[in-house]
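A.B. asks: Supplied in structure tokens, the structure appears directly below.
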Amino acid sequence: MHNNKYLRDEIIRISGADVSKCMRCGKCSATCPAYDEMEYHPHQFVNMVECGDIEPLLNSESLYKCLSCFACIDRCPRGVQPAKVVEAVRLTAIRKQGANHITADDIPAVVDADTPQQLLVSAFRKYTK
Amino acid sequence: MQVNEYKPLIVAFCCNWCSYAGADLAGNNRLAYPADVKIIRVPCSCRVNPMFILRAFQRGADGVIICGCHPGDCHYTSGNYYTRRRMAALFSMLDYLGIEKERTRVEWVSAAEGAKFAATMNDFAKTVASLGENKRLEDLRCKK
Amino acid sequence: MQRVGVFVCWCGSNIAGTVDVEAVSEALKSEPGVVFSTNYQYMCSQAGQDMIKDAVKEHNLTGIVVCSCSPRMHEATFRKTAAAAGLNPYMVEIANIREQCSWVHKDVLTGTEKAIILGKAAVAKVNLNTPLIPGESPVTKRALVIGGGIAGIQTALDIADAGFEVDIVEKKPTIGGKMAQLDKTFPTLDCAACILTPKMVDVAQNEKIRIFSYSEVTEVQGFVGNFDVTIKKNARYVKEEICTGCGACVEKCPMKKIPNEFNLGMDNRSAIYIPFAQAVPKVATIDPNACNMLKNGKCGVCSKVCAAGAIDYTQKDEYINEKYGAIVVATGFNPISMDKFDEFAYNQSKDVITSLEFERLTNAAGPSAGKLVRPSDGKHPHTIVFVQCVGSRCESCAEKGKEYCSKICCMYTAKHAMLTRDKYPDTEVYVFYIDVRTPGKNFDEFYRRAVEEYGVKYVKGMVGKVTPEGDKLKVQASDLIANKQLHIDADLVVLAAAIEPDKSARPLATMLTASMDTNDFFTEAHPKLRPVESPTAGVFLSGACQGPKDIPETVSQAGAAASKVIGLLAKDKLTGNPCVANSNELMCNGCSSCANVCPYGAISYEDKEFRMPDRTTKVRRVAVVNPAVCQGCGACTVACPSGAMDLKGFANSQIMAEVDAICK
Amino acid sequence: MKVSYFPGCTLKNKAKDLDMYAYKSAEVLGVTLEEIENWQCCGGVFTTANDEVATKLSSIRALKYAGDKEQPLVTVCSACHNVIKQTNHAMQTNSAFADKVNRYMAADGSYKGETEVYHYLEMLRDLVGFDVIKEKVVNTLKGKKIAAYYGCLLLRPNKVMRMDDPENPTIMEDLIKSLGADAVVYAKRNECCGGYISLESPDAAKKNSIAIIENAKVNGAQMIITACPLCKYNLEKCGADIPVVYFTELLAEALGVKEDTNA
């Protein structure tokens, strides 16, 4: 298994989440509304970050599936805050040069007459740097 | 060349039931704190006579800390409440005399709080060390 | 001048690893009063103790300083050694150079330096020690058991068996506790009522045992051997001695819509009620918040139908004072509230229940007469989901639940799942678990049987959300082994709620000055060696008030607590702590400052005649300490304005000498 | 009573109703919403990472503006509320973050987290009072079965938001009841509608939204109210066959100020 200690520590630092508190109950994944869209699920994010197995996460579409609905944060019995871990990994990915997940050119094709500004603003904040 | 770092002299009065046991627990868990702290066992924090504290400062102590059970948890029901009141008055007087109030402290440490004991002592020792040597109440005749 | 011997212990490498023991014993040799100083590998061993005894004889020692582990560990040991050598045991002082020196400092130089100073302080103190002789106090040969569940029942029966009188105080109208609400018990599956109710009857019939039901302890004074306890007997508006428990009043009472606590609100009872058929004492109780007669003076039906004339609407709360030699706390547990866990929809659907409610649902005497039905519509559930660890094992920063494992849930859930599959094979049963914890005799075998023989589906994972929709409960959960999110349409969801100490425990602990942990479980005097005693002398712990426990454990702890109580009550006299306050009557001016701060009322005043220098006599009021009541806190010594009050064993001069030694 | 008001980007555009009815209703209830000058978009979502500072400055400017006027800051869009409240919480609890922020803010003066942030719903509950609203109702909504949809942003993370019980909230239900209608309680009212994922994976958002609407309908809902433009968009987009309206619109209707705004 790939063990990237530097990335691991960096992700833990910017997320402010303590992954070592996880007791492997899987409640984050049980509660996740985007579970079916994800290749790696919230509990795997926590576990893989703890193990330093981060490359697969950085390259996974799962990063862009988390809704930041914070259900996992509120329901985790251990206070691990999985959503913050996912966010930290996503930032690690998109902060690289040219790694934005969407561009303005993608937008006209996906908006309709009712699309609220909020949707575009949120998506850009989540997907781009 | 060896640099002689200033080491404060700290007297800690610990009640037998909570804080002394808390100090023991800190030991059991190998939680380090400075050797400058010397503990005197008393049955209850309310046994600490202001006289003892004055004597300690007179003899060159740099800080005095009193540890007792948490309010409401005193083995003798109410001893720590007496401590709290008496020490508030004493410390304010000492402050008036020039013994900064950072050199005196009352802290509640339960028998289960080994970590708190060590943290308290580390913090107190650091605070006292930052104030430097206490000379205000020292009886120079005691110095040989 | 004392002749002091110093004995420095290596404690193997525990002390000798960080402290140069040779240097310590050498340095202390030159302290005033020291005539002998040595060091040894294990001072507490037989050889070490013999060394002390020999030195006492050889060097005519009058005082001993042992530089070793904490006095909380071995002070008693070395006091015995001193006594065996013919010294007064209180001529021993311990310098704690392990817990407070070698274990917290890494550098040998600093460690040794500090050890020497601590040793000097102990020598300075022992120089001022005086022989102390403990006082004696009589023992009241009666025990009080607080709580009438299985823990309290077993403790009371065992104490009574030894021939001592026992009183049980139970706040509910009947004894029996949680066990009376259970259906079957794991892992043998015998019926709880079948094994509990005979014991309840034994209690009722035992002439050594008195039951104060519907009562609570309101005040505790005194100390080990001599507790003075006030018990409040709440008015039940029924004369206990006369009521026959026939139940006519219960039947005729017009107020029938009161939620029945015994069935956890799943059915109703009347305003006058007997909690269950086998209640002990089997007498009716009127609920003052529900009774029309008590609320607005209109009704009186129960009084009319009572052939025995037991109803008394004017009954008042009664306070009883009683003396006890020992007190056993057996206040038990409760499941925690599910309010903070509504992702499981406990407050949104009747068909989401706790495991204790499930017990009542499957109990033949329960609200559904033992038929497993949904509380909402009375239909048979075909799919049941059990959720483990609801509120247990939560990190404190999660702001809900308890940090500890509730210990009993894995086993009772296996039991529930197995019994359901046994009785209703058409039911699908899922158990969502984080870990299955089954350390107990025949426990794991039991759990495996549930899986292998009864086909219970154990899923490693947690339920995340329960959504009531129509007559289904949509359960969204994770299956960590399959790495899938599961969606199950369940008919009934059962939550294994964490357990917590009864709410009455905290105020009781304050009354008893018994210590508790942060979860409000009572602390034991030693977690391994004194598991059924509270650090407060004379107070003992039985059952779940000390920590989560199943029935076998509770019963064995109850028996252990009883044996400790019997050991105490078997003594005619207790030797007290000699480190008590004493007043120098020549200095005392009778101002009462000391009596005002004494938490035990140990100080009284006497008029005493004094001879004056001019040969006249004068009568003065002076303080006198009752050594049997004084606990030696020392509050009075500081309050005394004239310096007359001092504490034996921790005298002003002794502590001052320690301060001097440290600050030299 | 005067309060500072942060409308947010969508309320000036696609969600004009949410904004307009918020003003109208507040007026009836004796509250003046003073719109913050030169407010900037909150960003739509709160970036949880500790080292994100610039993305939170617009919220801090708004907070400081209200703080300088010694007014509470009221928001009405769930997203704005979430972002601003979480930012404020970070200012109060994370001193390293606060230091960095104040270095950026040097020109405007420092801010420590002293402003109180209220969602419009909290303002109704805590500053106005549902009993007061009840008295001001002119068009009672009696007989209507209305389901409140909270979504995720109003309630979570509960440690920061502290609006209500995050798993069984009642604030919107209490509002519905005070307007005379029946509140439909359903478990999925705090589940996510899909949020911004509808841009990339409309089907995923659709699945979530359908489940929510289904759950509300099974429990008897004839209408859904929400505080979030994106929730409204997602719930409508999935093919809802019951109306989804902003809670302020419902409030305005009950208070009798809906018609004249239309006129």
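Values quoted throughout were computed directly from the atomic coordinates according to the rules given, and no laboratory measurement underlies them. All figures in this text were calculated on a predicted structure; none of them were measured in a lab. Neighbour counts run over all protein chains shown; Cβ positions are idealised from the backbone, glycine included.
A.B. asks: At each listed q (0.32 Å⁻¹), what is the log10 of I(q)/I(0) that the Debye formula gives for the stretch D:96-135 modelled as equal alpha-carbon point scatterers?
C.D. replies: Once normalised to I(0) and log-transformed, intensities are -1.00.
A.B. asks: Report the Stokes-Einstein translational diffusion coefficient (µm² s⁻¹, integer) for chain B, Rh taken as the Kirkwood radius over Cα pairs, at 25 °C with viscosity 0.890 mPa s.
C.D. replies: 160
A.B. asks: Using Cα pairs closer than 8 Å and at least 6 residues apart in sequence, work out the relative contact order for chain C, in percent.
C.D. replies: 13 percent.
A.B. asks: Under unit Cβ charges (Lys, Arg +1; Asp, Glu -1), what dipole magnitude, rounded to 20 debye, does the stretch B:10-135 have relative to its Cα centre?
C.D. replies: 300
A.B. asks: Evaluate the Kirkwood expression for the hydrodynamic radius of chain C, namely the inverse of the mean inverse distance over all pairs of different C-alpha atoms, and round to one decimal in Å.
C.D. replies: After inverting the mean inverse Cα-Cα distance, the result is 29.3 Å.
A.B. asks: What are the semi-axes of the equivalent ellipsoid for the stretch C:270-344, taken as the square roots of 5 times the Cα gyration tensor eigenvalues, largest first, in whole Å?
C.D. replies: Semi-axes from the Cα gyration tensor: 30, 24, 14 Å.
A.B. asks: Residue farthest toward the positive end of the dipole of chain C, with Cβ of Lys/Arg at +1 and Asp/Glu at -1: which of C:Ala635, C:Gln100, C:Ser376?
C.D. replies: The listed residue farthest towards the positive side: C:Ser376.
A.B. asks: Among DSSP bridges having both ends in chain C, what percentage is antiparallel? Round to the nearest 5.
C.D. replies: Of those bridges, close to 55 percent are antiparallel.
A.B. asks: Stokes-Einstein diffusion coefficient for the stretch C:602-664 at 25 °C in a medium of 0.890 mPa s, Rh from the Kirkwood formula over Cα pairs: what value in µm²/s?
C.D. replies: Once the numbers are plugged in, D ends up at 175 µm²/s.
A.B. asks: Would you mind classifying the stretch D:2-120 by shape? Square roots of the alpha carbon gyration tensor eigenvalues, ordered a ≥ b ≥ c; an a/c under 1.5 is rounded, otherwise it is prolate if a/b is larger than b/c and oblate if not.
C.D. replies: Judged from the Cα gyration tensor, the stretch D:2-120 comes out prolate (a/c at least 1.5, a/b above b/c).
A.B. asks: Would you kindly give the portion of the calculated P(r) for the stretch B:1-42 that falls above 11 Å, as a percent of all Cα pairs?
C.D. replies: Of the Cα pairs, 69 percent sit more than 11 Å apart.
A.B. asks: Given B:Lys38/C:Lys564; A:Lys84/C:Lys472; C:Lys257/C:Lys503; C:Lys484/D:Lys14; B:Lys38/C:Lys29; D:Lys12/D:Lys64, which pairs have Cα atoms separated by over 30 Å?
C.D. replies: Long pairs (Cα-Cα over 30 Å): B:Lys38/C:Lys564; A:Lys84/C:Lys472; C:Lys484/D:Lys14.
A.B. asks: Same structure again: Viscosity 1.002 mPa s, temperature 20 °C: what is the translational diffusion coefficient of the stretch D:57-155 from Stokes-Einstein with a Kirkwood Rh over Cα pairs, rounded to a whole number of µm²/s?
C.D. replies: 139
A.B. asks: Calculate for chain C the 222 nm mean residue ellipticity that helices alone would give, adding -39,500 (n - 2.57) per DSSP H run of length 4 or more and normalising by residue count, nearest 500 deg cm²/dmol.
C.D. replies: -8000 deg cm²/dmol
A.B. asks: What area, in nm² and to one decimal, does the C-alpha convex hull of the stretch C:138-243 cast on average over all directions?
C.D. replies: That works out to 8.0 nm².
A.B. asks: Filter the chymotrypsin sites (Phe, Trp or Tyr not before Pro) in the stretch C:299-360 to those in DSSP coil with at most 15 other Cβ atoms within 10 Å of their Cβ, and list the result.
C.D. replies: none
A.B. asks: Follow-up question, since we're still on this one. Using the crude model of +1 on Lys and Arg Cβ and -1 on Asp and Glu Cβ, and no other charge, please compute the dipole size for chain D relative to its Cα centre, in debye to 20.
C.D. replies: 340
A.B. asks: Still on this structure, I have one more. Kirkwood hydrodynamic radius (Cα pairs, Å) of the protein assembly as shown?
C.D. replies: Roughly 34.9 Å, rounded to one decimal.
A.B. asks: Output the Cα-based Rg and Dmax of the stretch C:4-126 in Å, rounding Rg to one decimal and Dmax to a whole number.
C.D. replies: Considering the stretch C:4-126 through its Cα atoms, Rg and Dmax are 12.7, 39 Å.
A.B. asks: Along the three principal axes, how long is the stretch A:5-96 when you take its alpha carbons, biggest first, rounded to the nearest angstrom?
C.D. replies: 31, 26, 17
A.B. asks: Could you please state, rounded to a whole Å, how far the C-alpha centre of the stretch C:368-443 is from the C-alpha centre of the stretch C:1-77?
C.D. replies: 57
A.B. asks: Which of the three applies to chain D, rounded, prolate or oblate, going by the alpha-carbon gyration tensor with a ≥ b ≥ c and a/c under 1.5 meaning rounded?
C.D. replies: Oblate.
A.B. asks: If you add up the charges near D:Ile212, with Lys and Arg at +1 and Asp and Glu at -1, over every other residue whose beta carbon is less than 14 angstrom from its beta carbon, what do you get?
C.D. replies: Counting the neighbours of D:Ile212, the net charge comes to +4.
A.B. asks: Going from the alpha-carbon gyration tensor of the stretch D:131-262, what semi-axes, largest first and in whole Å, does one get by taking the root of 5 times each eigenvalue?
C.D. replies: 25, 17, 14
A.B. asks: Calculate the dipole size of the protein assembly as shown relative to its Cα centre from +1 charges on Lys and Arg beta carbons and -1 charges on Asp and Glu beta carbons; express the result in debye to the nearest 20.
C.D. replies: The calculated dipole for the protein assembly as shown is roughly 2040 debye.
A.B. asks: Here is a further query. Using only helices, what value at 222 nm comes out for chain A when you add -39,500 (n - 2.57) per DSSP H run of length 4 or more and divide by the total residues, to the nearest 500 deg cm²/dmol?
C.D. replies: That comes out to -13000 deg cm²/dmol.
A.B. asks: Explain nothing, just the number: relative contact order of chain D, from Cα pairs under 8 Å at least 6 residues apart, as a whole percent.
C.D. replies: 20
A.B. asks: Could you give the DSSP H helices of chain B that reach 18 angstrom or more along their long axis (alpha carbon positions) and whose average Kyte-Doolittle hydropathy is no lower than -1.0?
C.D. replies: Span-like helices, by this rule, are B:79-97, B:114-131.
A.B. asks: Taking each pair of different alpha-carbon atoms in the stretch C:160-216 once, compute 1/r for the pair, average those values, and report the inverse of that mean as the Kirkwood hydrodynamic radius in Å to one decimal.
C.D. replies: Hydrodynamic radius (Kirkwood, Cα pairs) of the stretch C:160-216 is 12.4 Å.
A.B. asks: Could you tell me the relative contact order of the stretch A:5-96? Use alpha-carbon pairs under 8 Å, at least six residues apart, and round to a whole percent.
C.D. replies: Over the stretch A:5-96, the number comes to 40 percent.
A.B. asks: Relative to the first principal axis of the alpha-carbon coordinates of chain A, what is the inclination of helix A:117-127, with its axis defined by its Cα atoms, in degrees from 0 to 90 and to the nearest 10?
C.D. replies: Long axis of A:117-127 versus the principal axis of chain A: about 40 degrees.
A.B. asks: Farthest toward the dipole's positive end in the stretch D:131-262, which of D:Val160, D:Ala204, D:Ala181, given Cβ charges of +1 (Lys, Arg) and -1 (Asp, Glu) about the Cα centre?
C.D. replies: So the residue we want is D:Ala204.
A.B. asks: While we're looking at this one, here's another question. Please find, in a Gaussian network model of chain A (springs between Cα atoms separated by less than 10 Å), the residue of A:Ala88, A:Ala104, A:Ala17 whose mean-square fluctuation is greatest.
C.D. replies: A:Ala104
A.B. asks: B:Thr120: net charge of surrounding residues, Cβ under 10 Å, Lys/Arg +1, Asp/Glu -1, itself excluded?
C.D. replies: Combined, the nearby Lys, Arg, Asp and Glu give -1.
A.B. asks: From the square roots a ≥ b ≥ c of the eigenvalues of the alpha-carbon gyration tensor of the stretch C:214-353, which class results: rounded (a/c under 1.5), prolate (a/b over b/c), or oblate?
C.D. replies: Oblate shape, in that a/c is at least 1.5 and b/c is the bigger or equal ratio.
A.B. asks: Further, regarding this structure: So, in Å, what gap is there between the alpha-carbon centers of the stretch B:1-66 and the stretch D:188-215?
C.D. replies: Cα centres, the stretch B:1-66 to the stretch D:188-215: 61 Å.
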